[in-house]
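Working notes, structure below.
The values are calculated or read from the model by the stated rules, or taken from the named source; none is laboratory data. As the structure is a computational prediction, the values presented were derived from the model and not from experiment. Every residue, glycine among them, receives a Cβ derived from its backbone with ideal geometry; neighbour counts consider all protein chains shown.
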Amino acid sequence: MTQHTKGPWRAVDQGKGFGFDIVKGWNCPKANPDQKYKIAEMKLNKFSIKENKANARLIAAAPELLEALSGLISKIDFERQVIDVEPDSGCIECTKGTVPNSKNTGLCDYHKARAAIAKAEGSDGRRSR
């Protein structure tokens, strides 16, 4: 269940090197302040302005990224019910209980995606398979 403010969000330069606002809404605040809602404020820090701007864009893209990734994982989960998928031999989750821990090197992309969704949703990642 989505608990965050629905997107789209966008990054708006505060001007004069102050930082960026992450906002919901597309109208200029001077034209119609009711159409813009500040989600977060990002002050400039030790990173370059270019890197700060890229970070602000990434944050602003979060709702769309979460929605797209959740949709892809749902499709993959559905397909996994229909076809037998070979587990990733280096994935801790895919090989749980079948391979010695020393052989597991991390997570496959599928389980990384599930972990990222769980992190965004504030859950433990236990979704139905």
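For region 66-93, enumerate the residues that are touching a helix residue (DSSP H, G or I) at 6+ places or on another chain (Cβ under 7 Å) and either over 30 Å from residue 6 (Cα atoms) or of a type in the set (Asp, Glu) (or both). The answer is 91, 93.
Filtering region 5-26 to residues that are of a type outside the set (Gly, Ala, Ser) and assigned to a strand (DSSP E or B) leaves 9, 10, 12, 13, 20, 21, 22, 23, 24. For first residues located in region 13-33 and within 25 Å of residue 50 (Cβ to Cβ), partners that are at pLDDT 80 or above and among the polar types (S, T, N, Q) and lie 6+ apart or on another chain with Cβ distances below 8 Å form the pairs 19/52; 20/14; 20/52; 21/14; 24/5. There is at least one residue in region 75-90 that is modelled with pLDDT under 90, under 22 Å from residue 106 (Cα atoms), among the small types (Gly, Ala, Ser) and more than 23 Å from the chain's Cα centre (by Cα). A Cβ distance below 8 Å, combined with a sequence gap of six or more or placement on separate chains, defines the contacts here; from region 44-68, residues that are at negative phi reach residues that are of a type in the set (Lys, Arg) and loosely packed, with under 13 Cβ neighbours inside 10 Å in the pairs 63/6.
Which ones in region 13-28 are of a type in the set (A, V, I, L, M, F, W, C) and either modelled with pLDDT under 75 or more than 20 Å from the chain's Cα centre (by Cα) (or both)? Within region 13-28, 18, 26, 28 qualify. Residue 41: over 16 Å from residue 109 (Cα atoms), touching a Gly at 6+ places or on another chain (Cβ under 7 Å) and outside any helix (DSSP H, G or I), yes or no? Yes.
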